[in-house]
Structure formats: structure tokens, C-alpha cells
Amino acid sequence: MRRDSLRRWSFPAAILFAGFLLRIWLILRHAVIQNDSNLYAEIAQNWAHFGTYGFSTDTFPRPTLIRLPGYPIFLIISSVLFGWIFGIDSFTAPLTLQLLLDLSGCVLLATTVHSAALRSQCSAQQARRAALITLFVADLCPFTANYVATPLTECATNFTIMLALFAVERWSAVEEETGDALNRYLVLLACALSYSLLLRPDQVLLATAFIPAMLWRTAWNDITPKPLGKPVVLKNALESRLRRRMRAIPQRLKTSRGHLSAVMITLLLTVLPLVPWTMRNWHSFHVFQPLAPRSATDPGEGIPKGFQHWYRTWAVDFASTEEFYWKYPDEPLDADRLPNRAFDNDDQFDRTVDLIEDSNNLPHLHPEIDARFEQLARERVAADPMRYYVLLPVARLFNMLFHPRTEMWPYDLRWWKYSQHPAQTLISYTFVLLNIAFFIAGAFGFRKLMRRAPRLAIACGLYIILRCALLLTMDNAEQRYTIEFFPMLILMIGALALNDACGSSPSKIVAE
């Protein structure tokens, strides 16, 4: 018995150990401390030491609202847990906590697939196989593992997505077994959604996708028509089916009320943590701000709207984001780095270069310079509206979706230039193909997931669609904005292991 148990758990343990080694290697060799990492750390330290959520000054910390409190809370917790080992101000503490969370999230994804498989009447062997495949892909996915090695919100956000997927599946399972829509997993789901919202403002889309998915009820499919013993007139058959549905209406209404109550409670618990944050922002800044401003500026600070408008008329890739978008107006820009699509003619080229030279001589935001950027932007939009409103947003979205995701590695931003770095380019193209393979496999897995666990499939599909719609409005193409898709893609890939002969989906189980 003990030998069977050892054999049963040895393979999952080996997968987890391999994932652990991968993440340790990434932390030791490719850990990256971003500007945002230092920003979050500064906020967390001032909050913990002085009680002020803000930035350091020569005297007392200055309050800010440009970042939500989720990740500073994460940094404080990691410091409490591991600060006595690595030092209170060390980034090793949050990286250690991120490693543990990421591995735990992989287990949650595998458990979610296993539960969905058993609930759809798959055999224990098929469910175990699907869970192991999910664990293997999640554990060794280089794209999500990369973000364990940088103290940013992405790793914690991915964990909240994995936890939300697990909570939805277990909530559905308990609700189907007991008929109780107000079970304990409701609270777990709300915690995952609310903390995800505290980490990143765009994670409001997670709640927007998951909460409606909870209302999914295939009520009209719950009534299985009885086989007819002899041929009947079509009219009589339709009337008989209608009568069965009418008799089931009271039960469906009762179930609907229970689901509606569950949805309202989840929604309330999800937004509840935003109340003190909103009150604090009103008290400190006299503005209504329940999340964080899109411009990432505090009230009263200047926003380079003209520059951002001009940037949207040509920018597509992450290289431009780092070389222009992040630098302006505090650092000088290099006009030689501009691609040809940034100019429509020679005259525009000359004016653009002159404008950048003038902006470099003024290291801070200047209204006159920004107005010139705005004038240039309007000229380019008027010359080709289709390019500005359709082609460039779609190009930025595709860049975010199918980038090689090597931004955390010491690779050139222009990874596609083979003549400058052949090895880097070949490795990058390999990761591009792997990235595309994830999306293709996930698309095929979505169909099977829809049959086995429709609530999970609908939640994933809605989230991906809503997030893509949001990304079409973004100025800066950053592939980290699509890393949140991977927990869902991995879940769909795990569903591919369930063959079509595997039982019936929960939506087809007859309600007694």
C-alpha cells in the first residue's frame, strides 16, 4: 500500500521539484529589479514605518494614489515572513514568496482540472492524467516562471487568477452536489477577486468575467426528454416538451434566486476592500478614485497628453515603449531609434527630429513642447485615420500576445535583428513559436472545457475577450499585460487530455 502511494505521488513531486529548480535558476541568474519594483518598495516602507502610503521626501513621506495597495501589502507580508532570513529591505523575501505562490498556483490549476474531469463523469485515470499534464505545463511554462524572478504584481496576480479558477470549480461542484449556491467557496472566490483588484486596476475585468459566469445555468438542458415508444405527431412532441419545461419552472426560479444571491454576495465582498482605499483618497486628495489613475499621476501632476497622442500614431513594439514612452519627459530621447513609420514625409521627419532635440533640452514636462507633439499627432491622424484607429491598435495587441517574452532576460530589445545577435534571435523565435503553440492549444482546449466545465470556460473566454478589448486602447505595448492569459490557457490545455468518450458534462446531468 505504501509502495503504491509512493509511486502515485512520485511523479507529481518530481514535476514540482523541476518547477522549483527552474524558478530558483531564474531568480539566481535572471532576477530583474524594475523601476516599479523600487517604487512599490518605497511605498511599502513608508507605509510600514511612518503610516503614510506614499513617497519619501526630505521631511515626511508624501501621500500618493498612483499604485493600488495590493503589492505593497504583499511586500510587507513577505518582509514579515522572510525578512529575518534575507533582511527587511531585501527583494529576496518577496521573490521567495512569489516562488511559493507560483508553485501553489500550479497545484491549484491541476486540482481544478482534476475536479472538473471527475464532475463530468470522467474516470479517475483520465482525471489524473489531465491533472498531471496541467501540472507539467504550468510548472515548466517559462513565460509565467519568468515573473517569479522580478518583484512586480504579475506573479501575485496570476496566483489570484488560479485561485479564482479553483474557487469557481469547487463552488460549482458543491452547488451541484448539495444544491447550496451559498457554500464556503464563495468567500474564497471573493477573496481572490478582491485581492486581484487591489493588485492591478485592470483586474476589475476578472470580476467582470467571473461573476456573470456564475449565473450560467443550462436550465433548458436540465430536462432530458423521455424516449418515445412509438411515432408521434411533431406538434404533440413539442407540446410534451413544453409541458415538462413549464413544470420545471418553479425549481429553476428557486435555483436562479440562489445563484443571484451568490452573485450579489460575491460582488459585495469583492468591492468591499476598495471602500477604505476610496475613502483614503478622498480624504488625502479630495478626489473620487476607487482604483488608480490610468495616467499613473497624482492629482495636480502634469500629464504629457500631446506626447502620448503622438506616440500612439506610430508605436507598436516593446522596444519603443522602453526607449520612448517610459523615458519622456525625464530622460533624453534618441531620434535615431524612431522607425520609418513615425514619419509620413521628409518635412515631418525634420520637424520630428527638431522637436525631440528641443524636448531633450527641457528635462521636465513643458506645455509648449507637449503642444507641438499634439499638433504633430493630429496631422498624422488626419493623414491616415485607419492607421491610427485600427491598424496600430491591432498591431500593438498582436505584439503583446505573440512576443517572445524574453524581456526579463539580458536580450536586445530588437530581438528580430539576426545580423546583430544570431543566437538571441534564434532563441527568441523559438519562444515565439512556443508562445503561439500555447494559444493554439488553448483554443482547441476551450471547446472541451466548455463541455466539461462551462462556467470555467465562459469565465476564461469573457476575461480574454474583455482584456483584449482593453489592450486595444493602450498606448504602450507591453507583453506583461497578456501574461494573465496563461493560467487560463494552461487550464484549457489540461482539458485537451479529456477524450470525447469521457462521460457527460455537468450541464447534461438531470436535475432531480
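The figures follow:
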| quantity | calculated |
| --- | --- |
| Of the criteria (1) more than 19 Å from Tyr325 (Cβ to Cβ); (2) part of a helix (DSSP H, G or I); (3) among the small types (Gly, Ala, Ser), which one Ala377 fails | (1) |
| Scan of the stretch 327-354 for residues that are among the basic types (Lys, Arg) and touching a helix residue (DSSP H, G or I) at 6+ places or on another chain (Cβ under 6 Å), ordered by number | Arg337 |
| Some residue of the stretch 268-278 being under 30 Å from Ile369 (Cα atoms) and either β-branched (Val, Ile, Thr) or surrounded by fewer than 18 Cβ atoms within 10 Å (Cβ to Cβ) (or both) | no |
| Subset of the stretch 316-347 that is among the hydrophobic types (A, V, I, L, M, F, W, C) and closer than 22 Å to His364 by Cα - its residue that is surrounded by the most Cβ atoms within 10 Å (Cβ to Cβ) | Phe324 |
| Members of the stretch 113-135 found to be more than 11 Å from Leu498 (Cα to Cα), buried (at least 22 other Cβ atoms within 10 Å of the Cβ) and not polar (S, T, N, Q), listed by number | Leu135 |
| Selection status of Leu462, surrounded by fewer than 20 Cβ atoms within 10 Å (Cβ to Cβ) and touching a residue at least 60 places away in the same chain (Cβ under 8 Å) | yes |
| Residue in the stretch 410-417 that is farther than 24 Å from Trp314 by Cβ, touching a residue at least 60 places away in the same chain (Cβ under 8 Å) and part of a loop (DSSP other than H, G, I, E, B) present | yes |
| Helices (runs of 4 or more DSSP H) lying entirely in the stretch 70-180 (those with 1 or more residues that are of a type outside the set (Ser, Thr, Tyr) and over 21 Å from Leu489 (Cβ atoms)) | 70-86, 92-119, 124-140, 153-178 |
| Residues that are exposed (fewer than 15 other Cβ atoms within 10 Å of the Cβ) and over 15 Å from Ile303 (Cβ atoms), drawn from the stretch 352-374 | Val353, Asp354, Glu357, Asp358, Asn361, Leu362, Pro363, Glu368 |
| Contacts under 8 angstrom Cβ, first residue in the stretch 336-355 being more than 12 Å from Trp310 (Cβ to Cβ), partner basic (Lys, Arg), 6 or more apart | Asp344/Arg380 |
| Selection status of Leu21, assigned by TED's automatic domain parsing to the domain that holds Thr111 and either within 23 Å of the chain's Cα centre (by Cα) or not in a helix (DSSP H, G or I) (or both) | no |
| Qualifying position, being crowded, with 19+ Cβ neighbours inside 10 Å and modelled with pLDDT of 95 or more, among Leu100, Leu108 | Leu108 |
| Some residue of the stretch 44-64 being within 21 Å of Pro94 (Cα to Cα) and either under 24 Å from the mean Cα position of the chain (by Cα) or of a type in the set (D, E, K, R) (or both) | yes |
| Enumeration of residues in the stretch 296-328 that are over 27 Å from Arg62 (Cα atoms) and part of a loop (DSSP other than H, G, I, E, B) | Arg312, Thr313, Trp314, Ala315, Val316, Asp317 |
| Selected residue [surrounded by 14 or more Cβ atoms within 10 Å (Cβ to Cβ), out of contact with any helix residue (DSSP H, G or I) (no Cβ under 7 Å at 6 or more places or on another chain) and not assigned by TED's automatic domain parsing to the domain that holds Asp317] from Arg451, Arg455 | Arg451 |
| Flag if Tyr481 is modelled with pLDDT of 90 or more, buried (at least 22 other Cβ atoms within 10 Å of the Cβ) and within 20 Å of the chain's Cα centre (by Cα) | no |
| Residue match in the stretch 274-295 (condition: without any contact (Cβ under 8 Å) to a residue 60 or more places away in the chain, over 25 Å from Arg67 (Cα atoms), outside the structural domain of Leu193 (by TED's automatic domain parsing) and touching a helix residue (DSSP H, G or I) at 6+ places or on another chain (Cβ under 6 Å)) | no |
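The values are calculated or read from the model by the stated rules, or taken from the named source; none is laboratory data. Keep in mind the model is a prediction, meaning the values are calculated, not measured. Methodologically, a virtual Cβ is constructed for each residue, glycine included, from the backbone with ideal geometry; neighbour enumeration extends over all protein chains shown.
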